[in-house]
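The values are calculated or read from the model by the stated rules, or taken from the named source; none is laboratory data. As the structure is a computational prediction, the values presented were derived from the model and not from experiment. The protein model used for the area step is the full one, side chains on, heavy atoms only, and it has no ligands, DNA or RNA in it. Shrake-Rupley method; radii C 1.70, N 1.55, O 1.52, S 1.80 Å.
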Amino acid sequence: MEYKGYSGTMHQDKNGHYHGRITGHSDLTYSGATIESFERAFRSTVNDLIKSKRRKKTIFFSILGVLVAFVFLLIATCPNEQAHKDRISTVVKQGVGLSVNGTDDSMKGLGAFVQLLGGGIAEYAFDQMLEVNNYFIFSVGTVTMDGETKPMTIGVLGHVFTTISKEEVAEFLK
């Protein structure tokens with residue numbers, strides 16, 4: 001039997017009922033008490049197989065579309081070098097505030113002057129040392145000191161995260 005490019009087998013059991021399988025799909029069976037009902041069952045099974053393949057193809061392309069859209073989102077929102085430098089600057093300022101005042105409040109008493117002076121120098125140093133590599137879907141800011149390169153920032157989806165905290169900056173400055 002042939003229908004829409006698919007073929008099937010036909011066997012009659014001892015009770016006179018007809019049974020068959022779609023060729024190449026041993027799990028797709030059909031049966032009927034008469035030749036007419038058997039042929040209807042065969043066509044119905046082929047139609048179900050075609051619908052199932054369409055559904056799978058639709059699901060595949062939907063998932064692929066979402067993945068492609070997500071990659072484009074990552075590319076479009078990958079933080080630039082300035083975003084990394086701004087984030088490191090913020091952490092350094094907060095760290096200087098902690099080391100001077102015991103708090104990251106940047107404008108408290110005499111600590112404000114020390115913070116401006118020391119923070120400006122630290123910011124300048126990090127600004128000069130920070131190298132940002134853009135990998136299209138994310139970016140990484142590294143600093144090389146004493147021949148050792150360490151990641152300091154990671155940028156993804158428009159955000160920059162630091163691998164160093166304000167407390168570590170404050171401890172380093174002490």
Q: Note the full-extension length gain between GLU168 and ALA76 as 0.36 nm times their separation in residues minus their Cα-Cα distance, in nm to one decimal.
A: 29.9 nm
Q.
Using a Cα-Cα cut-off of under 27 Å, which lysines could be cross-linked to LYS4, ignoring same-chain neighbours fewer than 8 residues away?
A. LYS51, LYS53, LYS56, LYS57
Q: Bin all alpha-carbon pair distances of segment 44-84 at 5 Å intervals from 0 and give each bin's fraction as a whole percent.
A: 5, 21, 12, 14, 10, 9, 9, 6, 5, 4, 3, 2, 0
Q | Phi to ³J(HN,Hα) by Karplus 6.51 cos²θ - 1.76 cosθ + 1.60 over segment 3-12, Hz, x for Gly, Pro | A | 7, 6, x, 10, 10, x, 8, 9, 9, 10
Q | SER7 accessible area, 1.4 Å probe, all protein chains in place, Å² to nearest 10 | A | 30 Å²
Q. Across bins of 5 angstrom width beginning at 0, how are the C-alpha pair distances of segment 6-54 distributed, in whole percent?
A. 5, 24, 32, 22, 11, 4, 2, 0
Q. Within straight cross-link reach of LYS166, meaning Cα distance under 30 Å, which lysines are found once same-chain residues fewer than 8 apart are removed?
A. LYS85, LYS93, LYS108, LYS150, LYS174
